[in-house]
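Report on the structure given below.
What follows draws every value from the coordinates through simple rules; no lab data is involved. Predicted, not measured: the structure shown is a model, and the values here were computed from it. Counting neighbours? That spans all protein chains shown, and the Cβs are built from the backbone with ideal geometry, glycine included.
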Amino acid sequence: MIDTSHFPKAKKIWFMGEFHDWSELTLHSMTHALHYGTSVFEGIRAYSTSRGPAVFRLPDHIDRFLYSAGAARMTPPYGKDEIIRAVLDTIRENGVEACYIRPLYFYSYGNLGLVPKASPVQLVIAVWEWGAYLGEKAEQGVSVCLVPQRRIHYSQLDMRAKLGGIYVQSTIAGLDARARGCDEAVFLNIEGRIAEGPGENVFIVKDGIVKTNERSESVLEGITRTSILEVAADIGFKTAVGPITKADFLAADEAFFTGTAVEIVPIIGAKDHSDGTLRRETVRLGSGAAGPTTLRIRAAYLGLVRGENPRYEKWLSRL
């Protein structure tokens, strides 16, 4: 029996058109993606609302999922409408009200040369109940480590795509940040400016302006990021998109992460190890506590994904 303690309420996995028990499905150890990271994925959330489960921006996520498949030179066996139906069916099959959703296209078992000429592309979809990504600190704020590794440059790989192999860099940076006593990492780009977290976009607030950066800064332009730019403007904040220097970040009035898994999390302190030093003091960001702008945006976001704001019903896919 497979341990599901980190996958609460997970019962069934959708794989290539059929449901399987969570403990049943296995892949061959020579699966191409296991060796080379030749996979693409999405992270999506469904939320409990007064009218039942609702998936946040599902069509937009699947559009990006298929774009990622193209960037990985995959010929996907399922199209947009089929994947959307499969996602909704998987939520129903598992009987969950709120969940994290992981669709994954990957090069499967066939050959083990770098070019997967005999490895078919296969699709798996899993759902489970997943709370705050950064744990109990998600609301009061987290500390970050500016890590010495530079984020993969946008000229090297298509940063619009969620390519599985890219995320080994994220794993290493996240482990290093925690080894230095921080909750999460932040990458600089090759140019030395703020890029993103291992799986999150970065926003700062300065003089009332809510600002984030763009793909040319070596970031994934996240769907939550795009949503927050719209929501922040709708509730009266000025927004901006452009480069963020390290000095801008450390001198910000407020800072926060955005992302599907992390949702909205304040950043309240930082250790600057971006030059490779081993010991640095934590710099307080702003007041050293979650700021009022961040908390207002967070409340607006959590309200809309739970179906409490009719203006954003357009972003909810219901079962």
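In this Cβ point-charge picture (+1 for Lys and Arg, -1 for Asp and Glu), the chain has a dipole of about 200 debye about its Cα centre.
Only Cα pairs under 8 Å and 6+ residues apart enter the sum, and on that basis the relative contact order of the chain stands at 19 percent. A simple spin-label model places the labels of Ala289 and Glu136 1.9 nm from each other, with each point 7 Å out along Cα-to-Cβ.
Taking trypsin sites (Lys or Arg not before Pro) across region 68-107, the ones in a DSSP loop with at most 13 further Cβ atoms lying within 10 angstrom of their Cβ are Arg73. For Lys117, the lysines whose Cα comes closer than 23 Å to its Cα, not counting residues fewer than 8 places off in the same chain, are Lys162.
Rounded, prolate or oblate, given the Cα gyration tensor of region 12-128, with a/c below 1.5 counting as rounded? Taking the square roots of the gyration eigenvalues as a ≥ b ≥ c, region 12-128 is prolate. If R0 equals 45 Å, the separation of the Cβ atoms of Leu278 and Leu302 corresponds to a calculated FRET efficiency of about 0.75.
Have a look at Gly259, Pro243, Thr282 and report the one farthest towards the positive end of the charge dipole of region 201-298, computed about the Cα centre with Cβ charges (Lys/Arg +1, Asp/Glu -1). With unit charges placed on the Cβ atoms, the residue in question is Thr282.
How about region 16-119: which GluC sites (Glu not before Pro) there lie in a loop by DSSP and see at most 16 other Cβ atoms within 10 Å?
Glu24, Glu97
Label zone (Ser50, point 7 Å along Cα-to-C-beta; backbone nitrogen cut-off 12 Å) within region 285-319: 307-310. Averaging Cα coordinates gives a centre for region 130-144 and one for region 206-263; these two points are 18 Å apart.
The angle separating the long axis of helix 223-234 from the principal Cα axis of greatest extent in the chain is about 50 degrees.
Approximating the spin labels as points 7 Å out from Cα along Cα→Cβ, the Asp89-to-Ile172 distance works out to 4.0 nm. As a calculated quantity, the FRET efficiency between Lys9 and Ala251 at R0 = 41 Å, using C-beta atoms, amounts to about 0.40. Between Leu114 and Val241, the simple spin-label model (points 7 angstrom out along Cα→Cβ) gives 3.4 nm.
Excluding same-chain neighbours fewer than eight residues apart, the lysines reachable from Lys314 by a Cα-Cα span under 19 Å are Lys80.
Under 20 Å from a label point set 7 Å out along the Cα-to-Cβ vector of Leu25, the amide N atoms of region 151-176 belong to 162-165. Taking trypsin sites (Lys or Arg not before Pro) across region 267-309, the ones in a DSSP loop with at most 14 further Cβ atoms lying within 10 angstrom of their Cβ are Arg279.
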